[in-house]
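To keep things clear, I will list the structure first and then write my remarks on it.
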Amino acid sequence: MNKMMTAMAAMTLAMGLAACAEENAETTATASESGSLAGTWKADVASAQAENDVDSYVFADGTYTCNSCKPAFSITANGEWQEVDRPGVDALKVAMVDDMTISSASRRGDKQLGESTWTVSEDGQTMTIAWTNMDGEETTEGTTVLQRTAAGPDGSHAASGDWELKEIGPMSDAALTFSYEIDGDTIISKGNSGGYTAVLGGDAVTPEDDETGGVVKVEKTGENTYRETYMRDGEVINVLDLTVEGDTLKGVSTDPRDDSVFRWTATRQS
């Protein structure tokens, strides 16, 4: 839509400013009716729903273990940087601040990528993660609330156990806003943490500024539906199906490795 609107603006300027508002309105309506993905979108945090998505952690004996990570791993949780071999991350720092609180941070090289504080409720049934993401054009912040589905091992920290998404709290607008441009078979995705330029139905491409070794393949699967398939080392790690319904975009993200599903909607901003 951005390229289409730029061309339309040039045409209407030559014809006179009186035509500009009318032509722009008609262009937007046509794009919405035809199910165009092109435009700027803002995700609705209240729409987020997770299925079969369980986070499993153990904090005990000075060690942090992430059982739900792919692959699972363990590091010393003493508040000092620990080298790790994870996609896009080469060091983590985890500390058990007190009986109900965990702090963590990540970095790649000399660049700190993010930090978070995990706080377990008094009854031990929910955990709020306040996070800061520094790996983008803008630093963004937000909160995520998890609810317990299983207790951790006896004697472990309160943050141990199995958790699932309860709700996503407020977060920075920059973390929620993204855009697509479509010019013929070329599709361009942009967001605060990067994007990609690909050919619909073409070969997989490496997203901009990607440090994880991943690639994405994009295809148009219907009149108003699209699919992004993310892969690493030849393995599909996520499939995002997008459906445009006027000014609403519905996303369904599936991880075929564990059949977890994440659903959300976004509203067209332009």
What does a probe at residue 47 reach in the range 163-195, counting residues whose amide N is under 14 Å from the point 7 Å along Cα→Cβ? 176-179
Whether the range 52-170 is rounded, prolate or oblate, judged on the alpha carbon gyration tensor where a/c under 1.5 counts as rounded: oblate
List the trypsin sites (Lys or Arg not before Pro) within the range 171-270 that DSSP assigns to loop and that have no more than 11 neighbouring Cβ atoms inside 10 Å. 257
In nm, to one decimal, how far is the modelled label at residue 236 from the one at residue 76, with both set 7 Å along Cα→Cβ? 4.2
Whole-Hz ³J(HN,Hα) for each residue in the range 83-93, computed from phi via Karplus 6.51 cos²θ - 1.76 cosθ + 1.60 with θ = phi - 60°, x for glycine and proline: what do you get? 5, 9, 10, 10, x, x, 9, 10, 7, 10, 10
Nearest 10 degrees, 0 to 90: what angle lies between the long axis of helix 2-15 and the longest principal axis of the chain (Cα atoms)? 30
Would you work out the charge dipole size for the chain about its Cα centre, treating the Cβ of every Lys and Arg as +1 and the Cβ of every Asp and Glu as -1, and quote it to the nearest 20 debye? 240
Quick check: from the Cα gyration tensor, does the range 91-158 come out rounded (a/c under 1.5), prolate or oblate? prolate
Kindly express, to the nearest 10 degrees and within the range 0 to 90, the angle between helix 20-33's C-alpha long axis and the longest C-alpha principal axis of the chain. 60
Most mobile listed residue (211, 245, 167) in the chain, GNM with C-alpha springs under 10 Å: 211
Out of residues 5 or more away from residue 73 or on other chains, whose amide H comes under 5 Å of its own, with H placed 1.01 Å from N in the peptide plane? 66
Karplus 3J(HN,Hα) series, Hz, for the range 202-219 with 6.51 cos²θ - 1.76 cosθ + 1.60 (x for Gly, Pro): x, 6, 5, 10, 8, x, 4, 6, 6, 10, 9, x, x, 9, 9, 10, 10, 9
Stokes-Einstein D in µm²/s, Kirkwood radius over Cα pairs - the chain at 25 °C with 0.890 mPa s viscosity: 119
Any residue on another chain or 5+ positions along whose placed amide H is under 5 Å from the amide H of residue 53 is listed here as 261
For residue 108, project a label point 7 Å along Cα to C-beta. Then give me every residue of the range 156-199 with its amide nitrogen under 12 Å of that point. 193-195
May I ask you to evaluate 6.51 cos²θ - 1.76 cosθ + 1.60, the Karplus curve with θ = phi - 60°, for each residue of the range 99-111 and list the ³J(HN,Hα) values in order in whole Hz, giving x for glycine and proline? 5, 10, 9, 10, 10, 8, 8, 9, 8, 10, x, 9, 9
Taking the range 204-270, how much of its Cα-Cα pair set, in percent, is spaced more than 18 angstrom apart? 44
Partners for residue 220 among lysines (Cα-Cα distance below 26 Å; same-chain residues under 8 apart left out): 3, 42, 190, 250
Cross-link reach from residue 70 to lysines, straight Cα distance under 25 Å and at least 8 residues apart if same chain, gives 93, 111, 166, 217
When ranked by the protection proxy of mean other Cβ atoms within 10 Å per residue, highest first, what sequence do the peptides 72-81, 139-148 form? 139-148, 72-81
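Read the figures in this text as sums done on the coordinates, not as results from a lab. Note that the structure is a prediction, hence the values are computed from the model and not measured. Note: ideal-geometry Cβ built from the backbone for every residue, glycine included; neighbour counts use all protein chains shown.
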